[in-house]
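Visitor: Here it is, the structure, as structure tokens.
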Amino acid sequence: MKQIILITDGCSNVGINPVAAAAHANSEGLVVNVIGLVDDSEIGERGAEEIARIAQAGGGMSRLVSGRQLSRTIQMVTRKTVAHTIEQAVHQELKQLFGHACLEELPPGQRAEVVGFMEELGETTELRIALLIDCSASMKPKLSAVREAIRDLMLSLQARPGRSEISVLHFPGAGLPDADLELDVPWTTELAKLDHLFYKLNMKGTTPTGPAILKCVQYINEGAADSPAGAALFREGGRPGGTGNRSRSGWLGDYVV
Amino acid sequence: MTMLSEVCLPEGFVITGRWNGHVYRVLGLLGEGANGKVYLVRQGRDLFALKMGFDLPDLQSEINILKSLMQGSAEYRGFMTDVDDIRLGARCLPFYVMRYVKGLPPLTFIRKYGPEWFHVIGGGLLRKLANLHRSGWAFCDLKQENVLVTGNGKVELIDFGGLTPIGKPVRQFTEFSDRGYWNAGSRTADEGYDLFAFAILCLQLAAKKPDFAQFAGWLPQNRHTGELVATIRACPLLQPYAPVLVRAVQGAYRSSPDALTDWNRSFSGHARPMPVRAARPWLGLSFAASLVFFASAAYYCWH
């Protein structure tokens with residue numbers, strides 16, 4: 001099961017519409033969840049709406065929280081996404097077995113059995129979560145909360161019986177002038193890999209949320225390779241002038257850690 | 001789903017179970033958890049606590065766990081008395097009914113009846129935890145809100161939403177009591193996980209309020225067991241228990257009965273009012289006094 005959790009504090013301002021990018025991610029089998037961080041700065045009506053729409057298009061959920069609630073929210077969102085995906089699959093089965101897709105309609109005894117099965121599935125299913133972090137200048141004071149929350153998520157995932165990996169990516173990239181995304185931590189199951197996140201960041205003002213989501217989908221589904229679907233989207237909806245000279249390895253070439 | 005979590009049954013509301021048909025009258029709201037609300041209800045003459053969930057799979061998995069706890073532990077046989085749904089308009093909400101415990105949260109109890117109850121409450125809690133552990137469960141979400149102390153100092157655990165088979169990932173936790181949050185270990189349910197939360201709870205019960213408020217502001221890099229150990233040692237009420245609590249925080253206990261044994265020992269040590277040497281002249285004096293009494297009694301008897 002693959003999820004993207006986007007953590008941002010405002011509106012995208014460069015490149016493809018992030019809602020379209022999230023829809024693309026969802027069509028590629030990923031769920032996109034969005035958490036808006038609202039500490040000191042107001043996220044604004046436009047920002048809040050964008051966050052809700054990205055999540056909706058990405059088949060996930062969105063929450064607006066402060067830094068203190070971040071850890072809890074990330075874990076809740078992760079857990080609910082797994083549960084929801086399994087619920088949907090189980091509902092399909094129920095429909096075939098009983099002609100209705102509603103757990104509520106089952107008598108308590110059968111319900112207990114189905115839920116026990118769902119839970120087992122939820123714990124043992126393989127999980128890959130890409131954390132996509134907005135590192136535009138306004139996020140700077142919030143990054144310690146983000147780092148803490150990522151560590152905490154890993155700690156919870158480590159207790160799962162099923163294999164669980166996370167990776168951390170941030171945008172905009174610091175390397176090339178047009179780098180939309182940078183990989184901080186490739187797929188890992190270890191806490192120690194997360195210790196030096198975001199210490200050496202060169203923060204910029206732009207927020208290329210849409211292009212970052214597309215790149216993230218590529219990373220999750222194909223590693224470093226460009227997906228044809230993603231590339232096509234780039235060409236159609238990419239930002240003016242910026243997409244032509246992208247090198248294939250540019251955004252993955254420069255690890256921050 | 002947000003709508004469902006705002007559902008609040010008013011006092012006097014009558015709940016009729018959809019499958020079993022039992023009728024309960026709502027007397028009031030007892031508390032609100034992460035995944036549901038708990039009401040005080042009356043069925044005939046008996047009082048019960050009724051937990052209503054917002055999310056069916058969530059509550060059902062709690063019910064499943066309670067069922068296996070009831071089968072595996074004599075202490076909890078008969079804990080849950082009914083499982084059913086309530087119809088509210090077009091929706092159906094699941095609920096279960098459990099025994100109602102009347103009592104006070106531990107801190108309120110100690111403030112009301114005095115710190116000498118601290119030992120009894122701590123020991124009672126450890127006994128409860130040890131019983132659960134023996135049946136293969138960890139309580140996990142151990143905190144003030146999930147403990148009640150009844151009139152004679154008996155301790156009851158009340159919210160089993162965190163109950164997890166030992167060895168599985170902790171189902172529900174509260175940051176401040178969580179071993180992982182303090183960089184002190186994994187988030188896998190085991191005896192040590194509960195003992196860690198027990199030590200934090202003791203700290204919360206014993207520390208003065210201003211001392212305690214500062215913990216919440218501790219930065220992640222300062223959150224390690226060393227800080228907790230220092231705070232435990234600095235707390236006067238915890239003095240006799242410091243060795244037990246420090247070991248609990250450091251994850252040094254293999255099992256909760258060991259912690260309970262140490263806890264009880266620390267009390268008998270604490271109860272000794274004076275060091276042995278200082279007690280000697282006092283002993284001699286009282287011995288002399290008793291001799292005098294004996295002599296005078298004997299004198300009266302003879303005459």
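Visitor: Can you list, bin by bin at 10 Å, the percent of alpha carbon pairs in the stretch A:1-136, starting at 0?
Guide: Result, from short to long distances: 12, 37, 28, 17, 6, 0 percent.
Visitor: When the Cα centres of the stretch A:1-51 and the stretch A:120-182 are compared, how far apart do they sit, in Å?
Guide: 14 Å
Visitor: Can you list the lysines whose alpha carbon sits under 25 Å from that of B:Lys143, skipping same-chain ones fewer than 8 residues off?
Guide: Straight-distance partners of B:Lys143: A:Lys80, B:Lys37, B:Lys51, B:Lys67, B:Lys102, B:Lys112, B:Lys128, B:Lys154, B:Lys168, B:Lys208, B:Lys209.
Visitor: Could you list which residues have their amide H under 5 Å from that of A:Leu131, counting only those 5 or more apart in sequence or on another chain, with H placed in the peptide plane?
Guide: Amide H neighbours of A:Leu131: A:Ile5, A:Ser167, A:Val168, A:Leu169.
Visitor: Net charge near A:Gly116, counting Lys/Arg +1 and Asp/Glu -1 over other residues with Cβ under 15 Å of its Cβ?
Guide: That sum, taken over residues with Cβ under 15 Å, equals -4.
Visitor: May I pose another question? Rounded to the nearest 0.05, what FRET efficiency do B:Glu145 and A:Arg128 have when you use their Cβ-Cβ distance and R0 = 60 Å?
Guide: E between B:Glu145 and A:Arg128, to the nearest 0.05, is 0.95.
Visitor: Out of the trypsin sites (Lys or Arg not before Pro) in the stretch B:23-58, which ones are loop residues according to DSSP with at most 14 other C-beta atoms within 10 Å?
Guide: Counting only loop positions with at most 14 other Cβ atoms within 10 Å, the trypsin sites (Lys or Arg not before Pro) in the stretch B:23-58 are B:Arg45.
Visitor: Assuming 1.002 mPa s and 20 °C, estimate D for the stretch B:1-136 with Stokes-Einstein, Rh taken as the Kirkwood radius over Cα pairs, in µm²/s.
Guide: This corresponds to a translational diffusion coefficient of 129 µm²/s.
Visitor: In addition: Would you mind checking the stretch B:69-87 for residues with the amide N under 20 Å from a putative spin-label position 7 Å along Cα→C-beta of B:Glu11?
Guide: Counting backbone N atoms under 20 Å from the label point, the list is empty.
Visitor: If r is the Cβ-Cβ distance from B:Ala74 to A:Glu190 and R0 is 35 Å, what FRET efficiency results, to the nearest 0.05?
Guide: Efficiency at R0 = 35 Å is approximately 0.25.
Visitor: If you don't mind, another one. Using a 10 Å cut-off around each Cβ of peptide A:146-156, what is the average number of partner chain Cβ atoms that fall inside?
Guide: Rounded to a whole number, the mean comes out at 3.
Visitor: Restricting to Cα pairs below 8 Å that are 6+ residues apart, what does the relative contact order work out to for the stretch B:103-179? Please round to a whole percent.
Guide: Relative contact order of the stretch B:103-179: 32 percent.
Visitor: What do you get when you divide the Cα radius of gyration of the stretch A:59-99 by 2.2 N^0.38 Å, with N the number of residues?
Guide: 1.60
Visitor: For the pair A:Met76 and B:Leu47, what calculated FRET efficiency results from E = 1/(1 + (r/R0)^6), where r is the Cβ-Cβ distance and R0 = 30 Å, to the nearest 0.05?
Guide: The pair B:Leu47/A:Met76 has a calculated efficiency of 0.35.
Visitor: Could you work out the local net charge near A:Ala83, counting Lys and Arg as +1, Asp and Glu as -1, over the other residues with Cβ closer than 14 Å to its Cβ?
Guide: Result for the neighbourhood of A:Ala83: -3.
Only the coordinates and a few stated rules stand behind these numbers; no lab work does. Quick caveat: nothing in here was measured; it's all calculated off a predicted structure. Cβ coordinates were reconstructed from backbone atoms using ideal geometry, including for glycine residues, and neighbour counts include every protein chain displayed.
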